[in-house]
Amino acid sequence: MRPIDLAREHGLSAQAVRNYDDAGVFPPTERGETGHRRYTPLHAQALRAFLALRRGHGHQRAVEIMRATNRGDVESAYRLIDAAHAELLAERDTRREVAAALDTLSTTAPRPVGGRPLTVGELGRRLGVHPATLRGWEAEGILRPVRDRATGYRVYGPDCVRDAEIARQLRRGGYLLHQVARFLESLRAAGGADALTAFLGAWQDRLTARSRALLAGAAHFDAYLTLLDRARPTEG
């Protein structure tokens, strides 16, 4: 088969196939008398496997998986695949923690803060916590106070007070500091509790899509490994 024969199946250009070949996506390729590359069904399956892996792992990792496989280092390929599943599981756990934290929040919105920003002592009294606790939350990335230009002291504006009240609720619910920090980071990125609900739904959809892509990639990769095994010369 020629590069264009492999390319047509996927709507690619012949040059793209040659580029993948040069990148190590394919097993060794023979050339004809004219120097043109000659591909086999094994190469066709390698391309299918690579394109399927790319949807779940991304381009560079898919290239690395195929390179490792084609040089006979299947163990390294498996480790790369396992790492992607571990990363996906960690992200799935993070999303679950954020969703659970959202469910534990009080339905009553935090009391509005009027007038000037609060000092650490004033915020501590408002929440019923020691100022050292607020400084500890700051160290964990939970709170982001600013410094008063005149005094250099920490001051907490309305958004910071809201975050502090949410943090207090979550801590009372037994959440660890890193979980609280993770939740608030997602809340800030989403733009609020209502937006976060939609964000969580979209996040779940992305996780599901990636899980399916990893499964599809694994199926095509397994088919490629089967062909590789058959192509190896038998001993004896």
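The values are calculated or read from the model by the stated rules, or taken from the named source; none is laboratory data. Just so it is clear, the structure is predicted and the values come from calculations on it, not from any experiment. Here Cβ is always computed from backbone atoms with ideal geometry, including for glycine, and neighbour counts include all displayed protein chains. These area figures cover heavy atoms from the full protein model, side chains too; ligands, DNA and RNA do not enter into them. Shrake-Rupley method; radii C 1.70, N 1.55, O 1.52, S 1.80 Å.
Quick notes on this structure:
- Projected label distance in nm at residue 103 and residue 13, using a 7 Å step from Cα toward the beta-carbon: 5.1
- Angle of helix 193-231 to the longest C-alpha principal axis of the chain, folded into 0 to 90 degrees and rounded to 10: 20°.
- Rolling a 1.4 Å probe over the heavy atoms of the protein chains gives the range 3-131 an accessible area of 55 Å² per residue.
- Rounded to the nearest whole angstrom, the semi-axes of the ellipsoid equivalent to the chain, taken from the Cα gyration tensor as √(5λ), stand at 56, 17, 16, largest first.
- In order along the range 170-177, the phi-based Karplus estimate (6.51 cos²θ - 1.76 cosθ + 1.60, θ = phi - 60°) of 3J(HN,Hα) comes to 5, 5, 5, x, x, 6, 6, 4 Hz; Gly and Pro are listed as x.
- 10 Å Cβ shell holding at most 14 others, DSSP loop, trypsin sites (Lys or Arg not before Pro): longest site-free stretch of the chain: 150-236
- Length-normalised contact order of the range 113-236 in % [C-alpha pairs under 8 Å, at least 6 apart]: 19
- Here the chain exposes an accessible surface that is 52 percent carbon and sulfur, computed with a 1.4 Å probe and the other protein chains kept in place.
- Entry note, the chain: the mean residue ellipticity at 222 nm calculated from DSSP H runs of n ≥ 4, each adding -39500 (n - 2.57), is -22500 deg cm²/dmol after division by the residues and rounding to the nearest 500.
- Within the range 49-91: Cβ-based charge dipole about Cα centre, in debye rounded to nearest 20 (Lys, Arg +1; Asp, Glu -1): 220
- Exposed loop sites, defined as GluC sites (Glu not before Pro) outside DSSP H, G, I, E and B with at most 16 other Cβ atoms within 10 Å, are absent from the longest region of the chain, namely 34-139.
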